[in-house]
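Beneath this line is the structure, given in structure tokens, with notes to follow.
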Amino acid sequence: MVVHSQSAALDHCSLIKTCKPTTSVFKGIPVVDLRDPEAKNLIVKTCEEYGFFKLVNHGVPMEFFTRLEAEALKFFNLPQSDKDKAGPPDPFGYGFKKIGSNGDVGWVEYLLLNTNPQITSLKSLTVFRETPEIFRSSAVNDYIQAVKRMTFEVVELLADGLKIEPRDALSRLLRDEKSDSCFRLNHYPPCPELQALGGRNLIGFGEHTDPQIISVLRSNNTSGLQICLRDKTWVSVPPDQTSFFINVGDALQVMTNGRLRSVRHRVLAESMRSRVSMIYFGGPPLSEKIAPLASLMAKGEESLYEEFTWWEYKTSAYKSRLGDYRLGLFEKK
Ligand code: GA4
């Protein structure tokens with residue numbers, strides 16, 4: 001996304017929404033230390049209250065972050081025509097401004113790939129019309145493997161905290177070799193022309209909840225991520241390039257019968273600095289029934305949702321617009 005002139009750039013942005021930068025900074029951001037003996041209870045508490053927390057002391061070496069970030073920038077700095085060879089996303093591949101296939105747009109370019117072991121192996125990366133060089137280095141694979149391992153630990157602690165039995169009821173879905181998980185590298189280029197719009201912010205990635213069980217995000221030191229609190233106010237999350245930010249997804253909301261809530265979030269692009277983020281979305285196998293876990297249900301408690309498989313939910317999600325309340329279709333009337 002090379003920006004040539006102000007008018008061209010604003011033309012570029014014309015379909016993309018802007019908003020006033022009025023959002024306040026999230027001061028009381030919930031932080032969980034993975035090495036804290038109380039971590040399991042804190043994870044439950046923060047997921048109940050916010051569907052979101054920052055994870056520190058996570059054990060993933062910083063070197064994995066810097067290597068992947070450098071590779072990502074190398075790819076995103078290629079000429080547009082080279083990047084386009086890895087697109088358009090269907091849904092995997094390189095995407096530029098278009099998000100999904102139902103008309104959503106944002107000031108973002110990205111690489112989206114499946115993390116199913118059979119698919120991430122270099123050979124099967126032919127999902128791309130041309131395999132981008134970034135996948136020839138081990139940076140993507142090393143990062144994904146390390147983040148997956150850490151995520152399994154997080155969801156096992158969550159299961160302990162919620163007294164879910166067996167404690168691998170959630171992690172087994174992510175560990176499964178058919179787990180329908182994916183990985184996304186996002187690049188939000190700077191948009192200096194925004195200054196001309198009175199300091200407004202461009203929507204990089206519009207508000208939405210993630211459909212999966214859990215999402216694990218890491219970004220460089222730029223701001224932009226915002227979450228919606230229970231009282232419907234938006235707050236911006238101060239960046240921390242050394243930590244992870246964890247989101248509860250829709251599937252986990254259903255599996256806990258609404259006790260945990262998937263968090264609405266969005267990303268605003270900065271006018272001067274480019275933001276890079278990397279997100280692992282942990283999802284279950286396509287055939288898995290998504291329903292409240294028996295060990296979490298009180299006597300006589302009924303499911304708030306109709307029963308559905310992850311395939312059904314995902315298919316419906318891909319027909320929706322980014323900001324839609326996707327679980328609405330599956331709530332019992
Ligand atoms: C949001 C979470 C993940 O980024 C994603 C997104 C997907 C896409 O970019 O292709 C979707 C979006 C996400 C939810 C609704 C549909 C599908 C774009 C869109 C409009 C990869 C995912 O799984 O769902």
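The values are calculated or read from the model by the stated rules, or taken from the named source; none is laboratory data. Computed from a prediction, not measured in an experiment: that's the story for all the values here. Virtual Cβ from ideal backbone geometry, glycine too; neighbours counted across all protein chains shown.
In region 81-117, what residues are of a type in the set (S, T, N, Q) and either part of a strand (DSSP E or B) or under 21 Å from residue 137 (Cα atoms) (or both)? Reasoning before the result, please.
Initially, region 81-117 is screened for residues of a type in the set (S, T, N, Q), giving 81, 101-102, 114-116.
Across region 81-117, the qualifying residues are 114, 115, 116.
Please determine, by comparing only the residues of region 132-157 that are assigned to a loop (DSSP other than H, G, I, E, B) and surrounded by fewer than 16 Cβ atoms within 10 Å (Cβ to Cβ), which one is modelled with the lowest pLDDT.
137
Which members of region 7-36 meet the condition of being at pLDDT below 70 and either assigned to a loop (DSSP other than H, G, I, E, B) or more than 19 Å from residue 203 (Cβ to Cβ) (or both)?
Those that are at pLDDT below 70 and either assigned to a loop (DSSP other than H, G, I, E, B) or more than 19 Å from residue 203 (Cβ to Cβ) (or both): 7, 8, 14, 15, 20, 21, 22.
So for region 257-264 (the condition being under 18 Å from the mean Cα position of the chain (by Cα) and away from the ligand (no atom under 15 Å from the Cβ)), does at least one residue qualify? Write out each step before concluding.
Step one: filter region 257-264 for residues under 18 Å from the mean Cα position of the chain (by Cα), giving 260-264.
Narrowing the set further to residues that are away from the ligand (no atom under 15 Å from the Cβ) leaves 260-261.
So far as region 257-264 goes, yes, one or more of its residues are under 18 Å from the mean Cα position of the chain (by Cα) and away from the ligand (no atom under 15 Å from the Cβ).
Go through region 301-333 and give me each residue that's surrounded by fewer than 16 Cβ atoms within 10 Å (Cβ to Cβ), within 14 Å of the ligand (Cβ to nearest atom), in a loop (DSSP other than H, G, I, E, B) and hydroxyl-bearing (Ser, Thr, Tyr).
Matches in region 301-333: 325 only.
If I filter region 68-79 for residues that are surrounded by fewer than 20 Cβ atoms within 10 Å (Cβ to Cβ), farther than 24 Å from residue 324 by Cα and within 16 Å of the ligand (Cβ to nearest atom), do I get at least one hit?
no
For the structure I just gave you, tell me whether residue 304 is modelled with pLDDT under 95 and among the hydrophobic types (A, V, I, L, M, F, W, C). Spell out the reasoning first.
Numbers: modelled with pLDDT under 95: no; among the hydrophobic types (A, V, I, L, M, F, W, C): yes.
Against the criterion (modelled with pLDDT under 95 and among the hydrophobic types (A, V, I, L, M, F, W, C)), residue 304 does not qualify.
Considering region 45-59 alone, what residues qualify as being among the hydrophobic types (A, V, I, L, M, F, W, C) and surrounded by fewer than 21 Cβ atoms within 10 Å (Cβ to Cβ)? Working first, answer last.
Pass one, region 45-59, residues among the hydrophobic types (A, V, I, L, M, F, W, C): 47, 52-53, 55-56.
If the condition is that a residue be among the hydrophobic types (A, V, I, L, M, F, W, C) and surrounded by fewer than 21 Cβ atoms within 10 Å (Cβ to Cβ), then 56 is the only one that fits.
Yes or no, residue by residue, for (1) out of contact with any Pro (no Cβ under 6 Å at 6 or more places or on another chain); (2) within 14 Å of the ligand (Cβ to nearest atom); (3) within 20 Å of residue 99 (Cβ to Cβ):
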| position | (1), (2), (3) |
| --- | --- |
| 163 | yes, no, no |
| 170 | yes, no, no |
| 176 | no, no, no |
| 194 | yes, no, yes |
| 210 | yes, yes, yes |
| 215 | yes, yes, yes |
| 220 | yes, no, no |
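Show the residue pairs meeting these rules: Cβ distance below 8 Å; 6+ apart or different chains; first residue within region 96-111 and within 25 Å of residue 134 (Cα to Cα) and touching a residue at least 40 places away in the same chain (Cβ under 8 Å); second residue within 10 Å of the ligand (Cβ to nearest atom) and of a type in the set (Lys, Arg).
Final answer for the pair search is 100/321; 105/98; 110/184; 111/184.
For region 86-102, which positions are over 14 Å from residue 203 (Cβ atoms) and either more than 16 Å from the chain's Cα centre (by Cα) or more than 9 Å from the ligand (Cβ to nearest atom) (or both)?
Those that are over 14 Å from residue 203 (Cβ atoms) and either more than 16 Å from the chain's Cα centre (by Cα) or more than 9 Å from the ligand (Cβ to nearest atom) (or both): 86, 87, 88, 89, 90, 93, 94, 96, 101, 102.
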